[in-house]
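The structure appears below as structure tokens.
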Amino acid sequence: MSTKQSIYVHELFAVRAAKISTPLDIQSATCLHTVAISMRWAMARKDGTGDVEVGADAQGDEHGGGTDDAIYAKIHAAIAAQDLPPGTRLREDEMRQIFGVSRARIRKVFARLAYAGLVTIEPNKGASVFQPTPKEAREIFAARRGIEGTIVRLLAGRIGKAELATLNRHIALEVAAEARRDWHEMVRLSGEFHLLLAEIAGNDILLRFLRELITREALVILVYEKPGQPSCSHHEHQMILEAILAGDAVRATALMEEHLGNVEERLDLDRDTRKSVDLGRLFAGR
């Protein structure tokens with residue numbers, strides 16, 4: 001398939017997904033959007049023209065500084081861990097000095113982060129960490145409902161003993177974090193529980209899409225979470241797991257949708273906050 005044909009097919013999937021608007025079709029829209037994203041990723045890797053730099057283009061500078069992939073991973077991890085608050089300016093010159101790379105290299109990394117929806121790049125302003133609006137926050141949860149409903153249906157009645165032991169240990173960690181009132185750890189563990197379900201389901205495309213959504217949700221929680229109210233409940237995770245073990249796909253799906261709805265309701269989407277961060281100090285320890 002030629003590049004022009006690939007672009008046409010990608011846009012076709014994207015348009016079809018955008019036109020689906022009824023609640024019953026949200027799963028179809030999610031699947032179409034996922035196909036479109038996967039095709040863009042493949043095109044970028046094949047052509048060397050796109051948003052994702054891999055292989056030779058991801059090599060370190062002559063004088064060191066690590067690969068583009070390593071730099072991307074460090075910034076991605078800092079965002080996912082909520083160490084880089086929404087709206088934080090990622091100044092090009094400062095960031096290239098921190099990682100010891102050229103301006104062109106750091107721009108490529110910013111472009112990848114923007115492709116993943118974690119960074120916003122504005123003309124004459126540069127890059128900054130994605131600052132979710134209330135509308136974008138709701139869209140993230142809508143997308144998660146479509147994806148995670150599919151995941152629990154795939155898992156219903158199909159979890160083995162080893163996978164069950166892993167999930168039970170993880171829920172125990174969530175319980176311990178709540179007992180310590182460690183809200184930061186609770187958010188991290190909550191996201192990991194959902195990713196564990198996706199990994200066990202064995203659909204790599206859904207897993208990749210969900211991972212980016214959960215990272216973006218971490219920014220939503222950082223901005224909008226109500227003080228003293230953890231965004232995710234291990235009790236609800238336990239109920240979802242029990243329904244999956246019972247092979248009840250309908251109940252597992254309903255519980256997952258209710259769970260994500262509860263997470264969204266625990267947020268104060270009218271609140272907006274910004275914090276400053278010392279980028280040099282942050283990445284010195286990574």
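Some points to look at:
- Residue satisfying all of: in the range 166-219; among the acidic types (Asp, Glu) and either in contact with a strand residue (DSSP E or B) (Cβ under 6 Å, 6 or more places away or on another chain) or in contact (Cβ under 8 Å) with a residue 60 or more places away in the chain (or both); most open to solvent (accessible area, probe 1.4 Å) among these: Glu212
- Just one residue in the set Thr120, Thr150, Thr133 is β-branched (Val, Ile, Thr) and in contact with a Leu (Cβ under 7 Å, 6 or more places away or on another chain); that residue is Thr150.
- The sole residue among Ile121, Ile147 that is in contact (Cβ under 8 Å) with a residue 12 or more places away in the chain and not small (Gly, Ala, Ser) is Ile147.
- Against the numbered list (1) at pLDDT below 95; (2) open to solvent by less than 20 Å² (accessible area, probe 1.4 Å); (3) more than 17 Å from the chain's Cα centre (by Cα); (4) not hydroxyl-bearing (Ser, Thr, Tyr), Asp270 comes up short only at (2).
- The residues of the range 153-165 that are in contact with a helix residue (DSSP H, G or I) (Cβ under 6 Å, 6 or more places away or on another chain) and open to solvent by 50 Å² or more (accessible area, probe 1.4 Å), listed by number, are Arg153, Leu154, Glu163.
- Members of the range 172-192 that are acidic (Asp, Glu) and either in a helix (DSSP H, G or I) or at pLDDT 90 or above (or both): Glu174, Glu178, Glu185, Glu192
The values are calculated or read from the model by the stated rules, or taken from the named source; none is laboratory data. Small disclaimer: the values here were computed from a predicted structure and weren't measured. Cβ sites come from the backbone with ideal geometry, for glycine too, and all protein chains shown count toward neighbours. Surface areas here come from the heavy atoms of the whole protein model, side chains and all, with no ligands, DNA or RNA. Shrake-Rupley method; radii C 1.70, N 1.55, O 1.52, S 1.80 Å.
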